[in-house]
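For reference, the structure discussed in these notes is given below.
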Amino acid sequence: YVKSVLGEAILGSHHYGVNHGDHLPFLFPMDLMPKINKAHSLYSFSKSWVKFFVDFVSNDRLMLRFEGVNVPPQTKTGPLVYFEVNKKPKLLKQAPFQARLDFLKSIGIL
């Protein structure tokens, strides 16, 4: 922590992009995060996640695959299809929090 704070104070902060960051330790070694080595229970998941990202950025495949789930490209005009990533990944046809959004709209917050 001290190394991180001092580094930021001296060198400034680095912008890593917009995301939740939950997936980053599966892709890169990160300070202050558990190391995912071959003995780690999530090593296989991490390996699959790295392959998924590499396939995404390096190929123009029409269909990606992660842990046995085909992940089609998003169409420009079709409905959004969400990809839930966990121990049993799956495609979701409805927004994961649609019920919450509908409720907030019904009470005039959104």
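Things worth noting here:
- Couplings for region 38-52, taken from phi via the Karplus curve 6.51 cos²θ - 1.76 cosθ + 1.60 with θ = phi - 60°, read 4, 7, 6, 5, 9, 4, 4, 4, 4, 4, 5, 5, 4, 4, 4 Hz in order; Gly and Pro are left as x.
- Cα-projected label distance for LEU104 with ASP60, points at 7 Å along beta-carbon direction, nm: 3.8 nm
- Nearest-0.05 FRET efficiency for LYS47 and LYS76, computed from C-beta distance (R0 30 Å): 0.40
- Sites matching trypsin sites (Lys or Arg not before Pro) across region 12-110 that sit in DSSP coil, with at most 15 neighbouring C-beta atoms within 10 Å: LYS35, LYS38, ARG61, LYS76, LYS87, LYS93
A short reminder: the numbers here are calculations on the coordinates, not readings from a lab. Predicted, not measured: the structure shown is a model, and the values here were computed from it. Every residue, glycine as well, gets a Cβ built from its backbone with ideal geometry; the counts of neighbours run over all protein chains shown.
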